[in-house]
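Report on one structure; see the data block that follows.
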Amino acid sequence: MDECLRKDIAGRLGTLHRLKDLLPPDGISPLVKARVDEEMNDLISKGYEPFFSGNAALYILSACQRCGRCCKDINAIAASIEDCRRVAKHLGMSQKRFMMEYTRPHILDGCQVGTARIIKKENAKHCPFFDRNLPGCRIHSVKPRVCSAAYYLSKMNLLLCRQTHRFSTFPECPSDIELRSRIGGFSDRLKEENASALDDLKMTFQSADTEIQLFQLLLRLKGMEIYFGKEKTASLTRKLGLKRMPVEGELKPAAFLYAAVLLEQETAGTPL
Ligand code: SF4
Ligand code: SF4
């Protein structure tokens, strides 16, 4: 294999070693891990894997260009009660007034879906919080979780991923399109150099090795942190005895390889 490519892969996998510094001195006990797994499964069913973790990897590798396409084309932008509380506070208005002025109930097949609300907007027009002069979202720091997760991690999107067996987000997202092209280019180069290299990487990510298992755990936790917020995952981090959550940059190098493996399997139509 080309020396540069070999070094690139080794360097990315090498970052997994550093993640071990986050572990408690005696590692995570299997009992604690099993309990935390249960709590995590209550937040997001394990049935959404590998789409949840795969989409978390794509999310942390992409950079929203704040183009506003999803803010215009998606008509049902969900806002949880927690989202409403946060945005209302940011706008200096009561939660009740915010909900009345900016949201409507979430109705599906004539029935109200839970307590979640939908941001009021007209079809094919921008969300009221989009400001083309910024450009972008004028409530960026507090926007609904579904927007912070750039649709990769929303439950609606995960349902779609599970149905279609594809890793997806808002389809016209230029940031996702650019990312997939970058990952595709890397995979093509790898296959040209060595036909079995991607299979070897797949085996690596399926191994029971401590570093790989830790990476998978942290990636899933990071997805939850992005979608549910830091408070929700802080107690899981504490229970696991982790020194802290990794920042996205610490997961990015290996996430790129992991995403390459998953997207290759998706393309080949092999079981994920
Ligand atoms: S809240 Fe912000 S990010 Fe979300 S759709 Fe509206 S403008 Fe876009
Ligand atoms: S379409 Fe993609 S790049 Fe554009 S605002 Fe939405 S998430 Fe960001």
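The values are calculated or read from the model by the stated rules, or taken from the named source; none is laboratory data. On a predicted model such as this, the values are computed, not experimentally measured, just so you know. As a convention, Cβ positions derive from the backbone with ideal geometry for all residues, glycine included, and neighbour counts pool all protein chains shown.
For residue 112, all conditions in the list (1) touching a Cys at 6+ places or on another chain (Cβ under 8 Å); (2) in a strand (DSSP E or B); (3) not charged (D, E, K, R) hold save one; what is the number of the exception?
(1)
Pairs, please: C-beta under 7 Å, at least 6 apart or cross-chain, first residue assigned by TED's automatic domain parsing to the domain that holds residue 201 and in region 8-34, second among the aromatic types (Phe, Trp, Tyr)?
If the second residue must be among the aromatic types (Phe, Trp, Tyr), the pairs left are 12/256; 16/215; 19/215.
Select from region 232-272 the residues that are under 18 Å from the mean Cα position of the chain (by Cα) and of a type in the set (S, T, N, Q) and write down the one among them that is surrounded by the most Cβ atoms within 10 Å (Cβ to Cβ).
233
Tally time: how many residues in region 134-155 are crowded, with 20+ Cβ neighbours inside 10 Å, farther than 14 Å from residue 53 by Cα and touching a strand residue (DSSP E or B) at 6+ places or on another chain (Cβ under 8 Å)?
5
Evaluate region 190-213: report whether one residue or more is buried (at least 19 other Cβ atoms within 10 Å of the Cβ) and within 23 Å of residue 74 (Cβ to Cβ).
no
State all residues of region 150-168 that are at pLDDT 90 or above and within 10 Å of ligand 2 (Cβ to nearest atom); if no residue qualifies, say none.
Passing the criteria: only 152.
Taking the condition of being part of a strand (DSSP E or B) and either within 15 Å of ligand 2 (Cβ to nearest atom) or acidic (Asp, Glu) (or both), how many residues in region 115-135 meet it?
3
Quick one: what pairs do we get from region 135-157, first residue over 15 Å from residue 228 (Cα atoms), second assigned to a helix (DSSP H, G or I) and of a type in the set (A, V, I, L, M, F, W, C), C-beta under 8 Å, 6+ apart or different chains?
Short answer, once both residue conditions are applied: 137/71; 137/147; 139/87; 139/91.
Testing residue 146 on (1) of a type outside the set (S, T, N, Q); (2) part of a helix (DSSP H, G or I); (3) more than 10 Å from ligand 1 (Cβ to nearest atom); (4) within 18 Å of the chain's Cα centre (by Cα), one condition comes back false. Which one is that?
Only one criterion is unmet by residue 146, namely (3).
Could you tell me whether residue 28 is more than 16 Å from ligand 2 (Cβ to nearest atom), in contact with a Lys or Arg (Cβ under 6 Å, 6 or more places away or on another chain) and either closer than 30 Å to residue 217 by Cβ or among the aliphatic types (A, V, I, L, M) (or both)? Spell out the reasoning first.
Numbers: more than 16 Å from ligand 2 (Cβ to nearest atom): yes; in contact with a Lys or Arg (Cβ under 6 Å, 6 or more places away or on another chain): no; either closer than 30 Å to residue 217 by Cβ or among the aliphatic types (A, V, I, L, M) (or both): yes.
Here the answer is no, as residue 28 does not meet what is asked.
Condition test on residue 186, is it over 15 Å from residue 50 (Cβ atoms) and among the aromatic types (Phe, Trp, Tyr)?
Answer is yes for this residue.
Yes/no matrix, rows are residues, columns are (1) over 21 Å from the mean Cα position of the chain (by Cα); (2) within 14 Å of ligand 1 (Cβ to nearest atom); (3) not in a helix (DSSP H, G or I):
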| residue | (1), (2), (3) |
| --- | --- |
| 66 | no, yes, yes |
| 71 | no, yes, no |
| 76 | no, yes, yes |
| 82 | no, no, no |
| 87 | yes, yes, no |
| 96 | yes, no, no |
| 99 | yes, no, no |
| 104 | yes, no, yes |
| 107 | yes, no, yes |
